[in-house]
1. May I ask which residue of Leu297, Ser315, Leu331 lies farthest towards the positive end of the charge dipole of segment 281-342, with charges of +1 (Lys, Arg) and -1 (Asp, Glu) on Cβ and the Cα centre as origin?
2. Mind scanning Lys196/Lys394; Lys197/Lys394; Lys187/Lys342; Lys147/Lys229; Lys196/Lys342; Lys218/Lys394 and naming the pairs with a C-alpha gap bigger than 27 Å?
3. Sorted by accessible area (1.4 Å probe), largest first, how do Tyr123, Tyr209, Tyr311, Tyr201 line up?
4. For Ile225, what residues show an amide H to amide H distance below 5 Å, using hydrogens built from the backbone and excluding near sequence neighbours?
5. Find, among the GluC sites (Glu not before Pro) in segment 254-357, those assigned to loop by DSSP (not H, G, I, E, B) with at most 16 other beta-carbon atoms within 10 angstrom.
6. Ordering Arg310, Arg124 from largest to smallest accessible area (1.4 angstrom probe), what's the sequence?
7. Convert each backbone phi in segment 149-162 into a coupling constant with the Karplus relation 6.51 cos²θ - 1.76 cosθ + 1.60 (shift: θ = phi - 60°), then list the ³J(HN,Hα) values in order as whole Hz, x for Gly and Pro.
8. Name the residues whose placed amide hydrogens come within less than 5 Å of the amide hydrogen of Leu381, ignoring near sequence neighbours (fewer than 5 apart) on the same chain.
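The values are calculated or read from the model by the stated rules, or taken from the named source; none is laboratory data. These numbers come from a predicted model, not from an experiment. Reconstructed Cβ throughout: ideal geometry from the backbone, glycine too, with neighbour counts over all protein chains shown. Side chains are part of the model used for accessible areas, which takes the heavy atoms of the whole protein and leaves out ligands, DNA and RNA. Shrake-Rupley method; radii C 1.70, N 1.55, O 1.52, S 1.80 Å.
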Amino acid sequence: MPTSWSVTPGAALAIATAATAVAIASSLVPSSSVQDKLRRAEERCKHLEGQVAKLQRQLKESGSTQIADPNTDIEKDETHTATTISQSKKKKKKNQQPPTIEDETQADGGIFLKRVGTIRSIYRLCVGTPRQGLLCPNARGCIELEKIGDASSSSSVIGLEQYSHIWIIFVFHLNTKSSNPKRIKSKISPPALGGKKVGIYATRSPHRYNPIGITLCKIDRIETIPKAKHTEERVVIHISGLDLVDGTPVIDIKPFVPTYDSVPMDVKLPSWVEGGLATQRNVVIGQDALDDLMAILDKDKNALQFYGHRYGEASVQETVDYAVECIRQVLAIDVRSNFQTKKAREGKFQAERAKRLQGAAADEALDAVVTDVCTQQLDNLLIQYVVDETSNTKRSTSVGSGAEDTVTVVSIKLLEEE
């Protein structure tokens with residue numbers, strides 16, 4: 001007897017339920033014609049019940065105890081289909097490549113970058129910060145690395161100590177024009193050109209469509225501060241030859257490899273760039289200023305944030321010499337726009353008036369009777385100096401940029417938090 005005619009318990013139950021329903025309906029409906037129809041339906045149900053019982057006996061006699069259940073078959077089919085779909089999705093997902101940065105850029109209209117570190121440096125103001133750090137090798141600072149997810153900060157710098165220099169990719173976070181791209185012009189006037197304009201991509205101007213910069217710094221040492229009870233492990237990369245303002249966000253760090261990052265000597269540069277690099281202001285450090293700095297360090301050898309015995313200077317005199325050389329390097333290449341140069345020559349630039357220096361004051365009041373004196377902040381120091389315009393310039397563009405002026409440092413004060 002073929003088993004394809006087997007009847008499941010579910011089918012038998014459905015027949016029995018139908019028979020019961022017919023019986024109930026026959027008791028509720030009074031019409032004779034309808035009652036006849038219900039009676040015939042009831043007879044058919046009983047006939048089907050008999051057929052089910054007969055088939056079950058035949059299956060039992062043939063030794064087969066498995067009765068096919070169409071509902072179970074449906075469930076199996078559904079399970080198989082779901083499994084097939086799931087396997088198909090997994091296979092598709094396995095073969096599918098993850099989205100690229102370009103894909104995300106096209107979808108979102110931008111690129112999301114994480115801050116990997118923050119700059120701490122001797123510069124708190126944009127004005128006066130060197131245009132390139134290697135022009136001021138004595139300028140110091142550090143990178144405080146951020147903890148990215150569950151990644152280990154100390155693991156991320158393994159092997160970095162074997163390099164001497166690093167590239168730092170950063171954001172010009174203090175730009176005032178980059179927040180509105182429409183205000184950024186395609187041509188600008190570099191100070192070294194004395195008012196003439198060139199395209200923005202022909203310059204290193206911080207005011208760009210995307211306020212991103214790159215600079216080369218020397219690695220002095222890498223410090224790992226172990227995890228404490230209430231603090232996470234910290235990694236600090238101490239650097240010099242720095243041209244970045246305190247608080248600058250760092251978005252990447254790459255080792256400097258001369259073979260990759262240098263080119264043969266037959267490079268091509270505009271004359272205004274070559275001339276600007278070859279021109280520096282004459283800086284004179286007055287004896288009063290030297291005495292001021294010595295007195296500050298005699299009183300507190302840890303008065304400076306980035307200079308002193310913590311950074312390798314063996315004596316107060318060595319700290320003075322190193323810090324004074326940094327002051328000279330910074331002021332020698334402090335080339336500004338025509339407007340800023342005019343203010344400096346008139347003694348109308350005072351760093352302590354800047355918003356970022358509010359809350360800090362010199363340890364002694366500035367001489368109110370002294371006129372034509374500018375100030376510049378470096379580390380915890382406020383440098384007082386005067387600018388004398390040079391009448392006999394070697395380059396015509398120096399007239400507007402002040403690149404050949406003479407700077408005399410007259411006093412050095414300690415900035416202290418109020």
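1. Leu331
2. Going by Cα-Cα distance, Lys218/Lys394 fall outside the 27 Å limit.
3. Descending accessible area places them as Tyr201, Tyr209, Tyr311, Tyr123.
4. Arg234, Val235, Val236
5. Answer in residue order: Glu346.
6. Arg310, Arg124
7. x, 9, 6, 8, 5, 5, 5, 5, 10, 4, x, 5, 5, 7
8. So Leu381 has HN proximity to Leu415.
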